[in-house]
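Participant: Have a look at the structure that comes next, please.
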Amino acid sequence: MNNTQSRNRSSEDEPAGAPRARPARLIRIIDAESDECVPRSPSLRSCSATPHLGQPQFDKNPMVIEAWDTLRKSIVMFRGNMVGTIAALDDQGSDALNYDQVFVRDFVPSALAFLMNNEPEITKNFLLRTLHLQSIEKHVDRFTLGHGVMPASFKVLNNPARGVETLIADFGETAIGRVAPVDSGFWWIILLRAYTKATGDLSLSQMPECQNGMKLILSLCLSEGFDTFPTLLCADGCCMIDRRMGVYGYPIEIQALFFMALRCAQQLLRVDMGGKEFIKMIETRLPALSFHMRSYFWLDFEQLNNIYRFKTEEYSHTAVNKFNVIPESIPDWLFDFMPTKGGYFVGNVSPSRMDFRWFTLGNCVAILASLATHEQAVAIMDLIEERWEDLVGEMPLKACYPALENHEWEIVTGCDPKNTRWSYHNGGSWPVLLWFLTAACVKTGRPQIARRALELAEQRLAKDGWPEYYDGREGCYVGKQSRRMQTWSISGYLVSKMLLEDPSLLGIVALEEDLTMKPTFARANTLPIRFL
C-alpha cells in the first residue's frame, strides 16, 4: 500500500512540510443553509462569514511545519489519487492491527485541515470512494447490513503481479466487538457539507450518486419503528467510544451527530432529485429531537436538584419523572462535580437510566450543530472553565468523565484491559478533541479557553511523538497502548491552530442556530394519544 507519498511542494524555497501558501482567493464560503436572514446572538460568532485572506502567520512555526509534514506522509494513494490518511504512521511492526487503514471518523480532521488550507482534492476523492464502498453488499456472518451503512474504514490492497489496486472496506465485521459504525454515515454527510461550504462547489453534492448516498443513510435512521423517542437507538461501541463503555441506548455523541447530519442533509438534498420526502421527514424529526435533547438530556444545578427530588412510579401524561429515574441512582461524584454556574448534556437517557457522565465530543458537537441553545452553549463553556482540572488537566481533553473503576468497571466494560480507569476511552485524554473544543470556543466567543488548552498541548504533543491518547487522571502519561504519529492528533492540532488564526473558517464546520426549534418551555408534558 502506497500510503506515505507526499504532495509536491509548490516552491523549491518552501520549508519541508509547510502548508501550501494560500492563493489570493483562499476559500469561498457559501451560505447554503437558508434563503432567509436568521437573527444571530451577538455573543455567538457567525458560521457563514468569509475567511480572511493571506498566508497564516503561524506557517513558520516548527511544530506546525512538522505536523503538516507528518500529515502529508500519512496520505493514502489509490490508482494515482489521494483518497485519505491512515490512522497512524507508527504501526508498531506486526502489531499494526487496523491503524494502517483509513477510518471515516479519523479522516474528518485531516479533511478539514486540507480544506482550510485550500486543498480540497483529497476530501472530494475520499467522499466519492467511500460512497462507492457504501454500495457494496455487506455481510456479517450470515446477516446482511442495511444498504446505507458506511464503512468504518478501508485499506488499499496492492497486487504488484497483476498491477491492480483494490479497496477493501470494513463495515464492522472485522472490528473488535463486531459493531457497525453508526457515526460513519453522519460524518460523511457532515463532511460533504464542509466540502461544499469550503469550496463553493455544489456539483459534488448534487451528483445523483451523492444524493442517493444521503438518502440511503437517512433511510436507516429515519425509519419508523417501535421507539417512542425521537433519538436514535444504538449499540455499544458504535462511535468514537468504540469499545464497551455502557453507552448503549441513546449516547449523546450519536444524538448530536444525528442532529447535525440531519441539518446538513436538509441543506444539501435536492427536491427535484427525489429528496422531497426525506426533507419532509427531517423537518418533522428535527424539532422533536431538539426539544427532547434540550429538555431531557440537559443537566445543570437546578435540574439536578429537581431530579434529586423526583417521585417515582408516576403514571399517565401528567408524570414529571417521565423516564422513571430513581433519585438514588445519582452518583455521589456528581454533587461535587456540578457547579452552580454551568451545565452539560448527560451521556445517555433511557427508561430508568440516566448516565450522568460528561462526554466531550457529544457536548462540543451539540454546540457546533446548534443543538445546544445559546444559553446551553454558554453553560457548557462555563462548566469547562469551572472543572478545568477534571476535564482538561495536563493534556486536552478527557473523552469522558469520570472513569469507571473497580466493580463498576468490571460490569460495564467486561473487564476490558484497554479501558482501565483513566485510560483509552475510560477517562483517557485525546488530543484530537482539541479541535472540537476550539471550534466550540470560537462559536461561543470564548477563544481564550481554546488558546489555554492549545498551549498545554503544545508543551508535550510533538515531543511525545503525537500520541493517540494519554492516561492518568490529569492526562500526564502517554497511553499504555497509544500509537505515536497518530494522524488525527496531528490534524486536530492543525485545525485548532487555523481556527484560532482565522475564526471565519468556523463556517466550514458549524451551523447557525435555527430559532424555530427553540423550546418555549422546558420539560413539557406529553400530549395524550388521540383515539378515533
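The values are calculated or read from the model by the stated rules, or taken from the named source; none is laboratory data. Being a predicted model, the structure only gives us computed values, none of them experimental. FYI the Cβ positions are ideal-geometry reconstructions off the backbone, even for glycines, and counts take in every protein chain you see. Ligands, DNA and RNA are excluded from the accessible area calculation, which covers all protein heavy atoms including side chains. Shrake-Rupley method; radii C 1.70, N 1.55, O 1.52, S 1.80 Å.
Participant: Is at least one residue of region 219-232 of a type in the set (S, T, Y), touching a residue at least 12 places away in the same chain (Cβ under 8 Å), surrounded by 18 or more Cβ atoms within 10 Å (Cβ to Cβ) and within 30 Å of N117 (Cα to Cα)?
Facilitator: Applying the first criterion (of a type in the set (S, T, Y)) to region 219-232 yields 219, 223, 228, 231.
In the following step, the residues that additionally are touching a residue at least 12 places away in the same chain (Cβ under 8 Å) were identified as 219, 231.
Add one more test, that the residue is surrounded by 18 or more Cβ atoms within 10 Å (Cβ to Cβ), and what stays is 231.
When the remaining residues are screened for being within 30 Å of N117 (Cα to Cα), the result is none.
The answer is no, given that none of the residues of region 219-232 is of a type in the set (S, T, Y), touching a residue at least 12 places away in the same chain (Cβ under 8 Å), surrounded by 18 or more Cβ atoms within 10 Å (Cβ to Cβ) and within 30 Å of N117 (Cα to Cα).
Participant: Now for a different question. Quick check: anything in region 485-499 in contact with a strand residue (DSSP E or B) (Cβ under 7 Å, 6 or more places away or on another chain), at pLDDT 95 or above and at negative phi?
Facilitator: Filtering region 485-499 down to residues in contact with a strand residue (DSSP E or B) (Cβ under 7 Å, 6 or more places away or on another chain) leaves 485-487.
Retained after the next criterion (residues that are at pLDDT 95 or above): 485-487.
Within this subset, residues satisfying the condition of being at negative phi are 486-487.
Yes; the residues of region 485-499 include at least one that is in contact with a strand residue (DSSP E or B) (Cβ under 7 Å, 6 or more places away or on another chain), at pLDDT 95 or above and at negative phi.
Participant: Within region 364-397, which residues are open to solvent by 10 Å² or more (accessible area, probe 1.4 Å) and aliphatic (A, V, I, L, M)?
Facilitator: V378, A379
Participant: Condition check: farther than 26 Å from C47 by Cα, out of contact with any Leu (no Cβ under 9 Å at 6 or more places or on another chain), among the β-branched types (V, I, T) and modelled with pLDDT of 95 or more. Does V478 satisfy that?
Facilitator: Numbers: farther than 26 Å from C47 by Cα: yes; out of contact with any Leu (no Cβ under 9 Å at 6 or more places or on another chain): yes; among the β-branched types (V, I, T): yes; modelled with pLDDT of 95 or more: yes.
In short, yes.
Participant: Tally up the residues in region 353-363 that are in contact with a Lys or Arg (Cβ under 8 Å, 6 or more places away or on another chain) and open to solvent by 20 Å² or more (accessible area, probe 1.4 Å), please. Steps first, please.
Facilitator: So in region 353-363, the residues in contact with a Lys or Arg (Cβ under 8 Å, 6 or more places away or on another chain) come out as 358, 360.
Right, trim to open to solvent by 20 Å² or more (accessible area, probe 1.4 Å) and you get none.
Of the residues in that region, 0 qualify.
Participant: Of the residues T284, T312, T318, which single one is more than 27 Å from A440 (Cβ to Cβ) and at pLDDT 95 or above?
Facilitator: Residue meeting the stated conditions: T284.
Participant: Only one of (1) open to solvent by 20 Å² or more (accessible area, probe 1.4 Å); (2) modelled with pLDDT under 95; (3) of a type outside the set (G, A, S) is not met by D69, so which one is it?
Facilitator: Just one mismatch for D69, condition (2).
Participant: Additional query: Within region 352-363, identify whether any single residue is more than 23 Å from the chain's Cα centre (by Cα) and either of a type outside the set (S, T, Y) or more than 24 Å from I490 (Cβ to Cβ) (or both), and answer yes or no.
Facilitator: So the first thing to find is which residues in region 352-363 are more than 23 Å from the chain's Cα centre (by Cα), and the list is 352-353.
From what's left, either of a type outside the set (S, T, Y) or more than 24 Å from I490 (Cβ to Cβ) (or both): 352-353.
Yes, region 352-363 contains a residue that is more than 23 Å from the chain's Cα centre (by Cα) and either of a type outside the set (S, T, Y) or more than 24 Å from I490 (Cβ to Cβ) (or both).
Participant: Which one is most open to solvent (accessible area, probe 1.4 Å), of the residues in region 139-166 that are touching a residue at least 40 places away in the same chain (Cβ under 8 Å) and of a type in the set (D, E, K, R)?
Facilitator: Here the residue is K155.
Participant: Return the residues of region 455-471 that are in a helix (DSSP H, G or I) and either over 21 Å from V64 (Cα atoms) or open to solvent by 10 Å² or more (accessible area, probe 1.4 Å) (or both); say none if nothing qualifies. Before the answer, list the steps.
Facilitator: Pass one, region 455-471, residues in a helix (DSSP H, G or I): 455-460.
E455, L456, E458, Q459, R460 - these are the residues of region 455-471 that are in a helix (DSSP H, G or I) and either over 21 Å from V64 (Cα atoms) or open to solvent by 10 Å² or more (accessible area, probe 1.4 Å) (or both).
Participant: Can you go through E283, E277, E253 and tell me which one is under 14 Å from the mean Cα position of the chain (by Cα) and either part of a helix (DSSP H, G or I) or farther than 16 Å from F359 by Cα (or both)? Outline the logic, then answer.
Facilitator: Working: E283 fails: under 14 Å from the mean Cα position of the chain (by Cα); E277 fails: under 14 Å from the mean Cα position of the chain (by Cα).
One residue alone meets the criteria, E253.
Participant: Something else: Restricting the search to region 167-184, which residues are in contact with a Leu (Cβ under 7 Å, 6 or more places away or on another chain) and open to solvent by less than 60 Å² (accessible area, probe 1.4 Å)? Before you say what the answer is, go through the steps one by one.
Facilitator: Pass one, region 167-184, residues in contact with a Leu (Cβ under 7 Å, 6 or more places away or on another chain): 167-169, 171, 180, 183.
Hits for region 167-184 are L167, A169, F171, A180, D183.
Participant: Within region 472-485, is even one residue in a helix (DSSP H, G or I) and crowded, with 17+ Cβ neighbours inside 10 Å? Show your work before the answer.
Facilitator: First pass over region 472-485, keeping only residues in a helix (DSSP H, G or I): none.
Taking every residue of region 472-485 in turn, none turns out to be in a helix (DSSP H, G or I) and crowded, with 17+ Cβ neighbours inside 10 Å.
Participant: Do the conditions hold for N321, that is, is it open to solvent by less than 70 Å² (accessible area, probe 1.4 Å), farther than 28 Å from D106 by Cα and not hydrophobic (A, V, I, L, M, F, W, C)?
Facilitator: Values: open to solvent by less than 70 Å² (accessible area, probe 1.4 Å): yes; farther than 28 Å from D106 by Cα: yes; not hydrophobic (A, V, I, L, M, F, W, C): yes.
Criteria met by N321.
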